[in-house]
Structure formats: C-alpha cells, structure tokens
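Take a look at the structure below.
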Amino acid sequence: MARITLEDVEYVAGLAQLTLDDQAKQRLLKEMGEILAYVDKLNELDTDGIEPMMHVLDISNVFREDVVTGSLDRDAALRNAPKTDGEYFLVPRILDTE
C-alpha cells in the first residue's frame, strides 16, 4: 500500500488551488489514506474473466423505433389556440425589443 504523506496532501491542495490550515491537512491526510486503503482492498479482488461494463445492470435502449408519420395540419394545431392570426400562434410580448 502506498503511504500518503503531508507533502502529497499539500501538492493535491495546490493543484486544486486550495489553502488549507494544519487541521484540514491532517484530516485530509487521514481521509486520503483511508481512500487508498480501500482501493488497495479492491485491487485484491480477482477480476480475471470478468468483462468490463458500463453499468451493473443489463440495460438496453427503451426508446421506440423512429417512425415517420403525418404531421398535424395547421388548422388543427391552431384550433384550440387562444389567439391566432390564422397562420401563427399569437402570444403576449415578454421582451422589449426597443
């Protein structure tokens, strides 16, 4: 197991552009050490013959097939509009263009 040092913590903090007090450095030294210990434990697992995967569950595309269909004609689309000029929906102006 690689042992993390205070210099490692300061280096990582510098990369992240963090200013840490001594108490924070000591806390990160402990926490980063625990993370590396956990990774070392994971490295003990035998993963020979196990195929890498993107997701732990066997998922597949749930989208329907793209099928071209007819579109709604303009009169039907405008039929329930509160305001229309016969060609477009009319809506209240919300931006001042002047």
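Screening Met53 with (1) touching a strand residue (DSSP E or B) at 6+ places or on another chain (Cβ under 8 Å); (2) loosely packed, with under 10 Cβ neighbours inside 10 Å gives one miss only, at (1). For the residues Gln17, Gln23, the requirement of being at positive phi and either surrounded by fewer than 10 Cβ atoms within 10 Å (Cβ to Cβ) or at pLDDT below 95 (or both) singles out Gln17. Counting only helices (runs of 4 or more DSSP H) that sit wholly inside the chain, those with at least 1 residues that are touching a helix residue (DSSP H, G or I) at 6+ places or on another chain (Cβ under 8 Å) are 6-15, 22-43.
The values are calculated or read from the model by the stated rules, or taken from the named source; none is laboratory data. The shown structure was predicted, so the numbers you read here are calculated from the model rather than taken from an experiment. Reconstructed Cβ throughout: ideal geometry from the backbone, glycine too, with neighbour counts over all protein chains shown.
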